[in-house]
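Here's the structure, in structure tokens; my notes come after.
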Amino acid sequence: MILNEHKGRTVSNKLLKINELYLDNYRAFEDFTIKFDEKLTVLVATNGKGKTAILDAIAVAFGTFVNATGLANGKAFSRTDVLQFTPRNTLVKTVEEKYPLTLRAKGNIDSHDVSWMREIKNPKARTSINNTKPLINYGTKIRELVTQNNDNALPLISYYGTGRLWAQKRATKSKKLSETSRLSGYIDCLDSLSNYKAFKSWYEYICKSELEMKIEAIEKESINPPHNEFEDIRKALQEAVNEVIPNNSGWHDIVYRQKAKAIIMDHSEHGELPVTQLSDGIRSMIGLVADIAYRTIKLNPHLNNAPKETSGIILIDEIDMHLHPKWQQTVLPDMMKAFPKMQFIVSTHSPQVLSTVRKEQIRILEDNRVFTPSSSSLGEDSSVLLSEIMDISSFPPLEIVSKREEYQDLVEDRAYDTNHAKSLRKELIDNYGETNTFIFQMDMLIHKFESMKKVGK
């Protein structure tokens with residue numbers, strides 16, 4: 001168990017983790033098992049092969065824990081999650097559901113190795129909670145600790161789906177009444193939409209309170225003003241956002257400005273702008289990082305740097321969404337630097353993302369199976385990963401690409417002097433230019449064959 005010291009006590013790094021997930025009769029999965037790395041797991045598959053389904057299933061796996069904390073709603077299975085099939089040898093085509101839908105999980109709950117299960121047994125049944133006692137007990141324990149004013153560290157679980165960009169959700173009455181509680185850090189945590197509206201309201205309060213404390217100290221001409229905890233919170237959140245956003249955008253130091261009545265960021269060339277005016281990619285990442293940081297601070301306001309000290313599980317669907325390829329090459333390392341104690345489970349379509357990940361942390365999903373790549377991925381060329389891991393040619397399926405391949409075959413067969421080969425070469429030069437690397441490589445190969453011809457080989 002990895003431990004951190006805090007105020008004379010130890011804070012476990014394994015308060016909430018998932019190590020293994022088994023699914024049967026769930027969407028497209030039958031008798032399926034996947035294991036997760038303790039720090040980072042990256043899911044790779046073509047569309048419709050189950051990346052989002054696995055993230056959804058993890059959210060359901062922890063649904064009873066979130067429910068038990070008291071203020072938030074967990075997730076359960078729906079009827080649409082049940083595997084559907086068409087029976088063979090029937091005169092009339094029918095679609096049937098296959099039961100029971102079963103989920104089994106293994107992980108660490110409150111620093112203990114545990115396993116649990118959720119299922120739907122039949123069409124009339126609801127998602128079971130009977131076999132999730134360790135999660136319910138831990139959620140209940142957390143609720144009791146908070147009501148007793150105990151400052152034990154609380155773990156975070158949070159899910160961010162592809163619809164997360166600038167989600168604006170209307171808070172319910174119960175959410176508004178509970179927004180000051182530590183446990184409000186769990187509200188909507190499994191919703192898959194980052195609630196920027198909730199973050200904005202909270203951060204506005206933090207920045208205003210910090211300023212009010214400073215003004216009060218000045219007015220009282222205090223020699224030793226009281227410690228400004230709101231400033232600590234603002235700096236901790238800024239630090240988390242600055243770990244991820246500035247490197248590829250230049251925007252930094254997120255703060256609320258009373259004059260603009262908006263959350264703004266600063267840029268050395270563009271000055272200050274409201275976050276709402278920035279690009280989709282930047283806004284998406286700010287919303288994601290700020291939401292995680294906001295939740296860690298809500299759950300653990302007593303920690304010196306909650307984003308860096310809070311442990312838990314972060315689920316992100318399509319981590320590369322809206323990001324420039326250059327940013328895709330740094331997003332995971334930066335996120336793990338901003339939240340070093342979190343277990344990240346993410347999906348991606350990007351070879352640039354995969355080039356920053358060890359092969360042992362990649363899970364390729366294909367036809368109800370899961371496997372890790374046989375070749376290295378960390379630091380590898382993106383075009384190689386596109387081919388070897390994602391099984392996609394780095395060249396698009398265009399006619400000019402077919403002609404390129406045909407010309408290469410002719411050169412390698414030493415038929416480069418034929419009229420057809422010369423015609424293909426001219427067409428390729430017209431498209432790529434005479435200084436293109438491929439043309440140069442083919443010319444070098446022709447030169448090699450011509451030299452061999454002169455010496456009689």
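Which of the residues belonging to segment 429-457 are of a type in the set (Asp, Glu) and either outside any loop (DSSP other than H, G, I, E, B) or surrounded by 14 or more Cβ atoms within 10 Å (Cβ to Cβ) (or both)?
Those that are of a type in the set (Asp, Glu) and either outside any loop (DSSP other than H, G, I, E, B) or surrounded by 14 or more Cβ atoms within 10 Å (Cβ to Cβ) (or both): Asp430, Asp443, Glu450.
Wholly within segment 218-325, which helices (runs of 4 or more DSSP H) include no fewer than the required count, namely at least 2 residues that are more than 30 Å from Phe62 (Cβ to Cβ), touching a helix residue (DSSP H, G or I) at 6+ places or on another chain (Cβ under 8 Å) and in contact (Cβ under 8 Å) with a residue 40 or more places away in the chain?
Output list reads 246-249.
List, please: which pairs have Cβ atoms under 7 Å, are six or more places apart or on different chains, and start with a residue in segment 90-118 that is not assigned by TED's automatic domain parsing to the domain that holds Pro134 and end with one that is of a type in the set (A, V, I, L, M, F, W, C)?
That search, which allows pairs on different chains as well, returns nothing.
What pairs come up if the first residue lies in segment 119-147 and is over 19 Å from Asn73 (Cβ atoms) and not assigned by TED's automatic domain parsing to the domain that holds Glu96, the second is modelled with pLDDT under 95 and in a helix (DSSP H, G or I), and their beta carbons are under 7 Å apart, counting only those six or more places apart or on different chains?
Going by the 7 Å Cβ cut-off, there are no qualifying pairs.
Filter segment 317-336 for residues that are out of contact with any Leu (no Cβ under 7 Å at 6 or more places or on another chain) and farther than 22 Å from His252 by Cα and give the result.
Hit for segment 317-336 is Glu318, nothing else.
For segment 184-193, check the following and say yes or no: at least one residue is modelled with pLDDT of 90 or more, assigned to a helix (DSSP H, G or I) and within 21 Å of the chain's Cα centre (by Cα).
Within segment 184-193 (the criterion being modelled with pLDDT of 90 or more, assigned to a helix (DSSP H, G or I) and within 21 Å of the chain's Cα centre (by Cα)), the answer is yes, since at least one residue qualifies.
With the requirement that a residue be assigned to a loop (DSSP other than H, G, I, E, B) and at pLDDT 95 or above, what does segment 1-37 give you? It would help to see each step written out before you state the result.
First, the residues of segment 1-37 that are assigned to a loop (DSSP other than H, G, I, E, B): 1-2, 7-8, 13-15, 25, 27-28, 30-31, 36-37.
The answer is Asn25, Arg27, Glu30, Asp31, Phe36, Asp37.
Being part of a helix (DSSP H, G or I), modelled with pLDDT under 95 and of a type in the set (S, T, N, Q) is the filter here; which residues of segment 128-176 pass it?
Thr147, Ser174
Within the group Asp31, Asp24, Asp37, Asp56, which residue is at negative phi and touching a strand residue (DSSP E or B) at 6+ places or on another chain (Cβ under 6 Å)?
Only one candidate passes the filter, namely Asp24.
Testing Leu332 on (1) closer than 28 Å to Phe29 by Cα; (2) of a type in the set (A, V, I, L, M); (3) part of a helix (DSSP H, G or I); (4) at pLDDT below 90, one condition comes back false. Which one is that?
(4)
Only residues in segment 73-86 that are without any contact (Cβ under 8 Å) to a residue 24 or more places away in the chain count as the first member; pair them with residues that are assigned to a loop (DSSP other than H, G, I, E, B), Cβ under 7 angstrom, at least 6 apart or cross-chain, and list the lot.
Matching pairs, first to second residue: Gln84/Val95; Phe85/Lys98; Thr86/Lys93; Thr86/Thr94; Thr86/Val95.
If you scan segment 370-409, which residues turn out to be at pLDDT 90 or above and touching a Leu at 6+ places or on another chain (Cβ under 7 Å)?
Passing the criteria: Lys403, Arg404, Glu406, Tyr407.
Conditions: (1) farther than 27 Å from Lys39 by Cβ; (2) small (Gly, Ala, Ser); (3) in the same structural domain as Lys326 (by TED's automatic domain parsing). Ser394 meets all but one. Number of the miss?
Condition not satisfied by Ser394: (3).
The values are calculated or read from the model by the stated rules, or taken from the named source; none is laboratory data. Keep in mind the model is a prediction, meaning the values are calculated, not measured. So basically every Cβ, Gly included, is an ideal-geometry build from the backbone, and we count neighbours across all protein chains shown.
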